[in-house]
Amino acid sequence: MTRIPNPRPKNLGEVEQAVLEHVWSHGPCTAEACREALADTRPMKESTVRTVLRRLEEKGYVSHTTEGRTFIFRASQDRQNVAVRAVRSIIDRFCGGSAEELLIGMVDHEVLDRKQLERLTRRISEQKKSDKTIRRKSNEAGKSKGGGQ
C-alpha cells in the first residue's frame, strides 16, 4: 500500500475544535447559527465565531460559499480524515513513524479493551483478504492479456 503524504495538519485550538465539531455535526451553517448553537456551552460574539471560521478556512478545515451577503460554511474534510492525519502526526512525532509502536503502547497501557482489540484484529484480517483478492484478480487479468506465458 502506498502512503500518500498529507501536509502536516495545523493544530486546532479548543474553540476551533468546538466550532468544527458543530459544522461536522450540523452541516453547512452561518457564523450566527454556529454562535447560537454553541452559546450554552461556549458563549461568543458573532465576530469571534467569524474569526474562528476564517482561521479554520485558512487551515483547510472548512470552506464557504456566499448567499447574498451571508457566508455559508461547510467542512472541507470529514472527521475521520482529520483524525487520521492527527494520529499520523502523533506517530511521526512520538513513535518514530511506527504505527505498531503506538498500538503496542495503547495495548500495554490498556487504552484499548478486549472488544476493541478483537474488532481491530477482524478488520486487519478482512483487509488482508481483500488485498489478496485484488492481487489475484490483477494477476489473472495480466495472464489473460498474454502476460502470463
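I'd like the FRET efficiency for residue 58 and residue 120, computed as 1/(1 + (r/R0)^6) with the beta carbon distance as r and R0 of 35 Å, rounded to 0.05.
0.50
Relative contact order of region 14-75: what whole-number percent is it, with Cα pairs under 8 angstrom and at least 6 residues apart?
Reported as a whole number, the value is 42 percent.
Helix 46-58 versus the longest principal axis of the chain: what is the Cα-based angle in degrees, 0 to 90, to the nearest 10?
30 degrees
Any idea what the dipole of the chain comes to, in debye rounded to 20, about its Cα centre with Lys/Arg Cβ at +1 and Asp/Glu Cβ at -1?
The dipole magnitude comes to about 900 debye.
Where does the chain land at 222 nm, in deg cm²/dmol rounded to the nearest 500, when only DSSP H runs of n ≥ 4 count, each adding -39500 (n - 2.57), divided by all residues?
-20000 deg cm²/dmol, from helical runs alone.
What percent of all Cα-Cα pairs in the chain falls in each 5 Å bin, counting up from 0?
2, 8, 12, 13, 12, 11, 11, 11, 9, 5, 3, 2, 1, 0, 0
Output the peptides 116-122, 29-35, 86-92 sorted from most to least packed, where packing is the average of other Cβ atoms within 10 Å over each peptide's residues.
29-35, 86-92, 116-122
At a threshold of 8 angstrom on Cα-Cα distance, excluding pairs fewer than six apart, so keeping six or more, what relative contact order does region 45-149 reach in percent?
Reported as a whole number, the value is 9 percent.
What is the Cα centroid distance between region 17-84 and region 91-132, reported in whole angstrom?
Using only Cα atoms to place each centre, the spacing works out to 32 Å.
Taking R0 as 25 Å, what's the FRET efficiency between residue 15 and residue 76 from their Cβ-Cβ distance, rounded to 0.05?
0.85
For residue 40 and residue 66, what does the FRET efficiency come to when R0 = 35 Å and r is the distance between their Cβ atoms, rounded to the nearest 0.05?
Plugging the Cβ-Cβ distance into 1/(1 + (r/R0)^6) gives 0.75.
Coordinate-derived values only; no laboratory data. All values derive from a computational prediction rather than experimental measurement. No Cβ is skipped: glycine too gets one built from the backbone with ideal geometry, and neighbour counts run over all protein chains shown.
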